[in-house]
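S.K.: If you scroll down you'll find the structure; I have some questions about it.
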Amino acid sequence: MSTLSDRLSAQPGEIIDRSSKLRFTWNGKGVTGFAGDTIASALMANNVQVVSRSMKYHRPRGYMTADYWDPNGSVQLASEPNVRSGHRQLQEGMKVSAQNVWPSLDRDVRAVNGVLGRFLTAGFYYKTFMHPRSLWPTYEKVLATFAPGGKVDLDAPSGYFDKRYAHPDVVVAGGGPSGLAAAIDAARAGAKVMLVEHTHHLGGHLLWGSDGDRAVLAQLLTELAEADVEVLVDSTVTGRYEDNWIGISQRSHPGVEERLIKARAKMLVVAGGLIERPYVFEGNDLPGVMMSSAVRRSMAMYAVRPGSRAVVLSANAEGDAAVEALTAAGVEVAAVVDPRNGQDLVRAKGSRRVESVELADGRSVEADLLVIAAGWTSPTSLINMAGDRPSFDDSCGRFFPTDPPETVLVTGGMAGDGTTEEIVEHGRATGDLAARRASTVAHRLQAATTRAQSVDEIEPVWAADSRIALGRWSHPGLYRASTHGIVDYSEDVSSKDLVAAAKEGYDSVELLKRYTTATMGPSQGKLSTVNTVAILGEARGETIAEVGTTVWRPPFAPISLGALGGRKFEPIRVSAMHRWHEANGATPIIAGQWIRPEHYGDPAAEVRKTRSGVGLIDVSPLGKLDLQGADVPKLLNHLYTNTWNKLPIGGVRYGIMCAEDGIVLDDGVTGRLGENHYLMTTTSSGAATVWEWAENWLQTEHPDWDVSVTPVTTAYASMNLAGPKSREVLSSLVDDIDLDPEDFRYMQLRTGRIAGVDNCIMWRIGFTGELSFELHVPAGYGEAVWRSVMEAGAEFGITPFGLEGQRIMRLEKGHFIVGQDTDGLSLAPATGLDALIKLDKPDFAGKPELSWALENYEGPLVVAVQPVDPNVVPGEASQIIDPIDKRILGRITSARYSPTLERSVCLAQVEPQFATAGSRLTIKMIDGSLQEAVVQEHHAHFDPEGERLRG
Amino acid sequence: MLLVPCPNCGPRNSSDLRYVGESHKRPDPATTTPEEWRTYLYMHKNPADWMMETWYCSSGCRRFFTIERHTATSEFRNPPLPGGKRGGRA
Ligand SMILES: [Zn+2]
């Protein structure tokens, strides 16, 4: 028997194209297949017996289901690991190799043949690699060499992934006879239908059925072509979430590696068919043991002869059909074992493949193929996800839906048994029902959108389920023979392991699953769940229904991380001056959604030039809210901790905002433009939060206040002109604004014309600590004004500066950044700005917490810190520790080398007893070394009196 | 993903809105005690039952509104009327 399996003559339903030969390699050896082949069918046709080694025992494994769920059918494709060979279609030039083998598939030195469970029993890893804990890093390295799965190529090119949002009326999950019929009739009834089929071909089991089955399929496909149905093959409905939010992984979209479709379906039809269930007996994982559906599929669709002499265990009509098909293909059927007549098998024997089968009647039959038709598992995942708890029917040996939501309909094998005609009829009725219910759902959704239109027609009646129910054919409950064998092939868990674990006390199915890892491998229990439950039931003396089952969770089939990431539907924001930055050598940095200049080559030089002359920074992302109305001061008093009653027109004030728990939320300045008109600025990252925060108070607690909030962040281009020469630069650019320092003072604003552009706002503030003017100009003129300022500044040696220069200068000045120098636990007193908390106001956000905090604040404080060694710049988030007992006393929150002071400067959070000026701190550097530092008197390392910015 | 019936925009994906949380009355800051205030901040009833909750239609009409939802079935009932200057508390 040199050739066990090869190609059959042309089969009536074959889908391979014999005229198109494809060359590929298997473990480096050149082989061929045909277009239409899966990798698995091509390997089988090339007489490849062993396709992988099992996870724990490294036992040889062949094809058992030869489809997507084949527990040991994963292969490596060049740089792509874990490719399902029973699913992936063959392509010219593919480099296919076995994974989880060492050094080779044929001679795997880790193989533990025939000593089932002696070494690696359930809980082996937990028990063996537990103690001592100090050895865990060593254990980890050892275990890693045993880890299953393919090799991840870190240099693999990243493909293009995409996302799509869809709003179909009906999604049909499953393209077998019932799903096809449902899709056709739903579309005929007027519904917008998406038909999703996991494999590459529509038809389900009709593809490998009788001539009559193929005729039915041909008819359905004709009808489908005429119906308006969006058909997605090689695509999987991966999950069903609230209100029929359906995830679909589409692997077949041209030009895209994988596309994640998020569909809001009005109705979901679940037509998932049935998965053939393995049978547990000794030797049940030997290559040559195959499911009857796998054998029939291989022969009918791929014309592969799966063996030469077969024993068939047939407990149902499909098994009987497999006997017929094998005989017709010229495979000798040496014995048929029929459990319906009380027959059974005991074990399969062989070293690298089935060689003989021992039967319960004492016979030993020589065979190279053992075909199993022991029953079916209903893949109830989607109805589980819809909230249903399917119930087990002992007389049929499988689960059925109990009471799914009315917007989820089940058809086909998951709903019951019937002839092909009955199944198709049930599918049609289901499609029609789905379409009618979908129109009611559509009506309800529209009616709920009362603003969108007036819905005057009466809601269509919710269609009653008047389908003729499918029958339930009795089936022997076959789970385990008299011997023990593999239950979970992915995880190498045997029935002995399960019995032992149950004896150890892991006798609830959820515990057993986690302890033994049964059902947790790549096939996710599709083949093993019911057998696991049955064997646990056996150990507990209970039925499957009594034991209960594990809950199926999404995704139904794996989704690549690429598809989950997909295309980002998030805007990228750039300022009006972005083009100028790009043309002038800016290094970009991503700050939230914004792309901003980090610097223009040399941030330290930008700082020096700004401090000695003048610099210009783009601060457009600064959050800006236009506030109008008679009650704006009430709102400001409520949001900020300080008082806003007496801000004059033209005045600007700084404030901090706290949440209701007293934690600092944001900070910024607000200026008064007119009688009832203010402009609030927020931090760049806080813009959306503060807007929502303001709306929250106005809409819920104080709807009587007369305030309108309009976000104007991107309506203005904003820039800050900073440095001792800034006034001189500006003087040539304004005509109706008086820059005289006696008139236009620090913390004041003016409106007027800048560089010929009307309706600009200018205020004198400065994060950098220099004399500076913040210009807010209508965004459309942003670049023009920026250019004018740069031109006017040329004679004063103006420099553009980026975010980094600003960060250095603000740190030199000791200005904290909310969220960097404060955190989610920082109460307002932590900032040291107690003077800005005005408890004499009747109310403001967070007032009760702040009043208690100010009474007795014992939390950390933000302080300025300088390392003793001026050249040491600690990494941000370095710990401040007690050098003796190593207790953590705080952390460095910001650190930079100051080009102005020519030394390192930091902000830190420390416990209050170490926050006094002169306190010596010990900083634990990233590399573990310790550095001394001293707490400063003022937050500002530079110009603590603020003389420069008032100049 | 939940469909949330915004009174102004109609049913929208919950990702279009922000879940503010259980609706509760803000204690009077002038008279509140730490216990009462922190119950308002942190202690939620979280019943497996109908619950009044607040949503913010952050990607739509930007209105806060309160609505009843059954936490076990995610069914909504008694949405506020559309329009009005502000959504407001129920
Ligand atoms: Zn809305």
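S.K.: In whole Å, what three semi-axes, largest first, describe the equivalent ellipsoid of region A:241-297 built from its Cα gyration tensor (square root of 5 times each eigenvalue)?
M.R.: 35, 18, 11
S.K.: Assign unit charges at the C-beta atoms only (+1 for Lys and Arg, -1 for Asp and Glu), then state the dipole size of chain A relative to its Cα centre in Debye, rounded to the nearest 20.
M.R.: Dipole magnitude for chain A comes out near 2480 debye.
S.K.: With a cut-off of 20 Å, note down the residues of region A:165-199 whose backbone N falls inside the zone around a label point 7 Å from the Cα of A:E226 toward its beta carbon.
M.R.: Flagged as within label range: A:177-195.
S.K.: By DSSP, what percent of the beta bridges with both residues in region A:307-440 are antiparallel, rounded to the nearest 5?
M.R.: Approximately 50 percent, going by the DSSP bridge assignments.
S.K.: Under unit Cβ charges (Lys, Arg +1; Asp, Glu -1), what dipole magnitude, rounded to 20 debye, does region B:3-77 have relative to its Cα centre?
M.R.: Dipole magnitude for region B:3-77 comes out near 280 debye.
S.K.: Could I ask something else about it? Just to confirm the filter: which GluC sites (Glu not before Pro) across region A:752-812 are DSSP coil and have at most 11 other Cβ within 10 angstrom of their Cβ?
M.R.: Counting only loop positions with at most 11 other Cβ atoms within 10 Å, none of the GluC sites (Glu not before Pro) in region A:752-812 qualifies.
S.K.: Calculate, in nm to one decimal, what A:N47 and A:R553 gain on full extension: separation in residues at 0.36 nm each, minus their alpha carbon distance.
M.R.: Taking A:N47 through A:R553 to full extension adds about 178.5 nm, to one decimal.
S.K.: Projecting each Cα onto the charge dipole of region B:3-77 (Lys/Arg +1, Asp/Glu -1 at the beta carbon, about the Cα centre), which of B:N8, B:S23, B:M52 comes out farthest on the positive side?
M.R.: Positive-most Cα among the choices belongs to B:N8.
S.K.: How do A:I595, A:I261 rank when sorted from fewest to most other Cβ atoms within 10 Å of their own Cβ?
M.R.: A:I595, A:I261
S.K.: In peptide B:13-24, how many Cβ atoms from other protein chains are near each Cβ within 10 Å, on average? The partial results should precede the final answer.
M.R.: Details: counts 5, 3, 0, 0, 0, 1, 0, 3, 0, 0, 1, 0.
Per residue, the average neighbour count from other chains is 1.
S.K.: Looking at region A:824-899, which GluC sites (Glu not before Pro) are in a loop (DSSP not H, G, I, E or B) and have at most 12 other Cβ atoms within 10 Å?
M.R.: In loop regions of region A:824-899 (DSSP not H, G, I, E or B), the sparsely surrounded GluC sites (Glu not before Pro) are A:E858.
S.K.: Another question about this same structure. Modelled label-to-label distance, A:E701 and B:E22, 7 Å Cα→beta-carbon offset: nm?
M.R.: Calculated label separation equals 2.0 nm.
S.K.: Can you give the relative contact order of region B:3-77 as a percent, counting alpha carbon pairs under 8 Å and 6+ residues apart?
M.R.: Computed over region B:3-77, the figure is 31 percent.
S.K.: I've got another one for you. Considering Cα pairs under 8 angstrom that are at least six residues apart, work out the relative contact order of chain A and quote it in whole percent.
M.R.: Value for chain A: 9 percent.
S.K.: Now for a different question. Within chain B, which is the longest segment containing none of the trypsin sites (Lys or Arg not before Pro) that sit in a DSSP loop and have at most 15 other Cβ atoms within 10 Å?
M.R.: Longest site-free region, per DSSP loop and neighbour criteria: B:46-84.
S.K.: Starting from a Cα-only point model with no solvent, please compute log10 I(q)/I(0) by Debye for region B:3-77 at q = 0.17 1/Å.
M.R.: With no solvent term, the Cα-only Debye profile gives -0.70.
S.K.: What's the exposure ranking of A:C760, B:C61, going from fewest to most Cβ atoms within 10 Å?
M.R.: B:C61, A:C760
S.K.: What translational diffusion coefficient, in µm²/s and rounded to a whole number, does the Stokes-Einstein relation yield for region A:739-840 at 4 °C and a viscosity of 1.567 mPa s, taking the hydrodynamic radius as the Kirkwood radius over Cα pairs?
M.R.: So the translational diffusion coefficient is about 79 µm²/s.
S.K.: Using a 7 Å offset from Cα along Cα-Cβ at A:Y897, what residues in region A:601-627 end up with backbone N under 12 Å from the label point?
M.R.: Only A:603-605 pass the distance filter.
S.K.: A further question follows. Which of A:A591, A:Q76, A:G255 sits farthest toward the positive end of the charge dipole of the protein assembly as shown, with +1 on the Cβ of Lys and Arg and -1 on the Cβ of Asp and Glu?
M.R.: About the Cα centre, the residue reaching furthest to the positive side is A:Q76.
S.K.: Viscosity 0.692 mPa s, temperature 37 °C: give me the Stokes-Einstein translational D for region A:215-272 in µm²/s, with Rh taken as the Kirkwood radius over C-alpha pairs.
M.R.: Numbers: Rh = 13.1 Å.
Diffusion coefficient, whole number: 251 µm²/s.
S.K.: What's the percent breakdown of Cα-Cα distances in region A:323-419 across 5 Å bins, shortest bin first?
M.R.: Whole-percent P(r) values from 0 Å outward: 2, 10, 16, 15, 12, 10, 12, 11, 7, 3, 1.
S.K.: Please give every one of the lysines within straight-line cross-link reach of A:K21, meaning a C-alpha to C-alpha distance under 20 Å, and leave out same-chain neighbours fewer than 8 residues apart.
M.R.: Partners within reach: A:K29, A:K95.
S.K.: Counting other beta carbons within 10 Å of each residue's own, what order do A:V789, A:V101, A:V270 fall into, fewest first?
M.R.: A:V101, A:V789, A:V270
S.K.: Quick check on chain A: helices-only [θ] at 222 nm, where DSSP H runs of length 4 and up contribute -39,500 (n - 2.57) each and the sum goes over total residues. Nearest 500, please.
M.R.: Details: 23 runs with 221 residues, N = 951.
That calculation yields -6500 deg cm²/dmol at 222 nm.
S.K.: Here is a further query. Once the convex hull of the C-alpha atoms of region B:40-81 is built, how many Å³ does it hold per residue, rounded to a whole number?
M.R.: Value for region B:40-81: 95 Å³ per residue.
S.K.: Can you list the trypsin sites (Lys or Arg not before Pro) in region A:635-729 that are in a DSSP coil and have 15 or fewer other beta carbons within 10 angstrom? Show your work: numbers first, answer last.
M.R.: Values: sites: A:K646, A:R653, A:R672, A:K725, A:R727; in loops: A:K646, A:K725.
Sparse-neighbourhood loop trypsin sites (Lys or Arg not before Pro): A:K646.
S.K.: Could you give each residue of region A:477-493 its phi-based ³J(HN,Hα) in whole Hz, using Karplus coefficients 6.51, -1.76, 1.60 with θ = phi - 60°, and x for Gly or Pro?
M.R.: In residue order, the calculated couplings are x, 10, 10, 9, 7, 6, 10, 9, x, 6, 9, 10, 6, 5, 9, 6, 9 Hz.
S.K.: In bins 20 Å wide, starting from 0, what share of all Cα pairs of the protein assembly as shown does each bin hold, as a percent?
M.R.: In whole percents, the pair-distance histogram is 11, 31, 29, 23, 6, 0.
S.K.: A further question follows. In Å and whole numbers, how far do the C-alpha atoms of region A:785-911 stretch along each principal axis, longest first?
M.R.: 55, 47, 20
The numbers here are math on the coordinates, done by the rules we state, and not lab data. No experiment lies behind these values; they were computed from the predicted model shown. Cβ atoms come from the backbone with ideal geometry, glycine included; neighbour counts cover every protein chain shown.
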